[in-house]
Amino acid sequence: MNADTTGPHVVVAGGGIAGLAAAHRLLAGGASVTLLEGDDRLGGKLLAGEIAGAPVDLGAESLLARRPEAVALARDVGLGERLQGPATTTASVWSRGRLVPMPKGHVMGVPGDARAVEGLLSEEGVRRIGQDGDLPPTEIGDDTAIGAYVAARMGHEVVDRLVEPLLGGVYAGDAYRISMKAAVPALFDAARRHPTLTEAVRAVQRAGAAVPADAAGAATGLGGSVFAGLDGGIGTLPAAVAAAVRAAGGEIRTGTPVTALRRTGATGWQVVTPGRVLDADAVLLATPAGPAAGLLADHAPAAAAELAAVEYASMALVTLAFRRADMPALAGSGFLVPPVDGHTIKASTFSSRKWRWVSEQAPDLFLLRTSVGRHGEEEQLHRDDTDLVAASLKDLAAATGLTARPVATTVTRWTGGLPQYPVGHLARVARVREAVAALPGLRLAGAAYDGVGIPACIASAHRAADEIIATRRTPHPGAGHSS
């Protein structure tokens, strides 16, 4: 049972990082909280595990450090001293059979100078980028697909060999469908103000340069690091947040899916689970879009229809442990793979080079991982573990010369793990929020709305929690009790 408070009782459905962050925020705002997670564990796509006795992330392995939300949450729950930037940030692109250093001076793969991509693109591809300045301005409208827009301005090659693999690492999606407004908002805004894409990229770069790296990292204490990890893995963050929630009086129940919502009176709710019905002043849904749509079908059918249409991509992570003595010299933090080349893997991260904590905790091993699967490639996840490992080793050998055999392997499947952000996504989210706003004491949070990264999910949770606190100061009679 929740601790007695003068604030409202809020039920949070979903125990991923968004739901946990929402519960943490609600408790800080004076609410009493019950968090319900249908799975038998917390954390969603953040998952700590081990391979060959060494700790490793089996889900998300870094967070964007230049946004404050995730770093601040980690500090709030006692993990501040474990935050660390990558040991190396250099990466490559495996293109046309060779590893090419990742070009500098680009915005999500879109160059501000054709010379920056001379080592990666063909001479024709480089010349095509230079033609951007000769083209008339492109009308963007309310939204556009980043791949289609960039291809029209600079040619398909820059999309296929740079934009696509970079965006694929974030969304596991198709750059020719992904919303520029949602995925790269700074570039979208700049492209509407400038006659050429080159000028727009340079404007974004100037804006970024106006904030020195040391100043950008000052709030996080991580210097100029764009990304950060946690000693022991990003997957340890959910347990720390859950411990803080419980310490503040929150109740957390795993293995408890929410099966239905009922209105009680003008403002209250009943939350139905297989074993109990909870009365609540407010409900915060931090589930994927599909389950949220099911729960909203009777209360906000328009919002439910919009959420049911959100598509998800599935992917698998193949984690491999090798004897360090068997490894060839591998440079940088890993490499990205353009889909156009037809390989199985879409990226590889050299974990033992990227993260000091991985190397320190497993000094005799070399850990790396590959990712397999994009939107529309769900068949990849139907391959058995042995097949996925073999395909990964084949691609790694071709890319790096690696011929060693792993001492241990782990395949982690993330079915329906990443929501897709096609053109019009932000307009869809606005319509969903407008429809849900008509329901007193109900809010939504998670990766399906404002960004798939960890800080974006936390920001989404904070927004929903703050809105509930602002409108639910008076507790509903009987809130927190079960029937």
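The values are calculated or read from the model by the stated rules, or taken from the named source; none is laboratory data. Just so it is clear, the structure is predicted and the values come from calculations on it, not from any experiment. Glycine also receives a Cβ, built like all others from the backbone with ideal geometry; neighbour counts cover every protein chain displayed. For the accessible areas, the whole protein counts, side chains as well, though only heavy atoms, and no ligand, DNA or RNA atoms are used. Shrake-Rupley method; radii C 1.70, N 1.55, O 1.52, S 1.80 Å.
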task: Might you tell me the accessible area per residue for the chain, computed with a 1.4 Å probe and given in Å²?
output: 40
- request: Please report, as a whole percent, how much of the solvent-accessible surface of the chain comes from carbon and sulfur atoms (probe radius 1.4 Å).
  value: 52
statement: When the charge dipole of the chain is computed with +1 at the Cβ of Lys and Arg and -1 at the Cβ of Asp and Glu, the Cα pointing farthest to the positive end, of Thr344, Leu444, Val226, is that of Val226
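Could you give the C-alpha radius of gyration of the range 246-375 expressed as a fraction of 2.2 N^0.38 Å, taking N as the number of residues it contains? Mind showing how you got there, number by number?
Details: Rg = 22.8 Å, N = 130, 2.2 N^0.38 = 14.0 Å.
So the range 246-375 has a normalised radius of gyration of 1.63.
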field: Table column - 3J(HN,Hα) (Hz), the range 424-437, Karplus curve with 6.51, -1.76, 1.60, x for Gly and Pro
entry: x, 4, 5, 5, 4, 4, 5, 5, 4, 5, 5, 5, 6, 4
- prompt: How would you rank 443-456, 183-196, 305-318, highest first, on the average number of other Cβ atoms within 10 Å across their residues?
  reply: 443-456, 305-318, 183-196
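Output needed for the range 1-95: three equivalent-ellipsoid semi-axes, defined as square roots of 5 times the C-alpha gyration tensor eigenvalues, in descending order, whole Å.
After diagonalising the Cα gyration tensor, the semi-axes are 32, 17, 12 Å.
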field: Electrostatic dipole magnitude of the chain [Cβ: Lys, Arg +1; Asp, Glu -1; Cα centre; debye, to 20]
entry: 520
message: So, taking all protein chains as they sit and a 1.4 Å probe, how much accessible area belongs to Trp357, in Å² rounded to tens?
response: 10
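Select from the range 105-188 those GluC sites (Glu not before Pro) which occupy a DSSP coil region and have at most 13 other Cβ atoms within 10 Å, ordered by residue number. Don't jump to the answer; show the numbers that get you there.
Details: sites: Glu118, Glu123, Glu124, Glu139, Glu157; in loops: Glu118, Glu139.
Sites meeting the loop and neighbour criteria: Glu139.
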field: Scattering curve values for the range 126-217, log₁₀ I(q)/I(0), Debye with Cα scatterers, q = 0.12, 0.17, 0.18, 0.22 Å⁻¹
entry: -0.38, -0.75, -0.83, -1.15
query: When the Karplus curve 6.51 cos²θ - 1.76 cosθ + 1.60 is applied with θ = phi - 60°, which whole-Hz ³J(HN,Hα) does each residue of the range 408-421 get, with x for Gly and Pro?
result: 7, 9, 9, 10, 10, 9, 10, 6, x, x, 10, x, 8, 10
Separation in nanometres of the label points that stand 7 Å from Cα toward Cβ, at Thr88 and Glu379: 3.6
message: Give the aspartates and glutamates whose C-alpha is closer than 18 Å to that of Lys394, dropping any in the same chain fewer than 8 places away, or say none.
response: Asp326, Asp341, Asp384, Asp385
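Please compute one quarter of the surface area of the Cα convex hull for the range 279-351 and express it in square nanometres. Display every interim value, and only then the final one.
Values: hull surface 38.3 nm².
Orientation-averaged projected area of the Cα hull: 9.6 nm².
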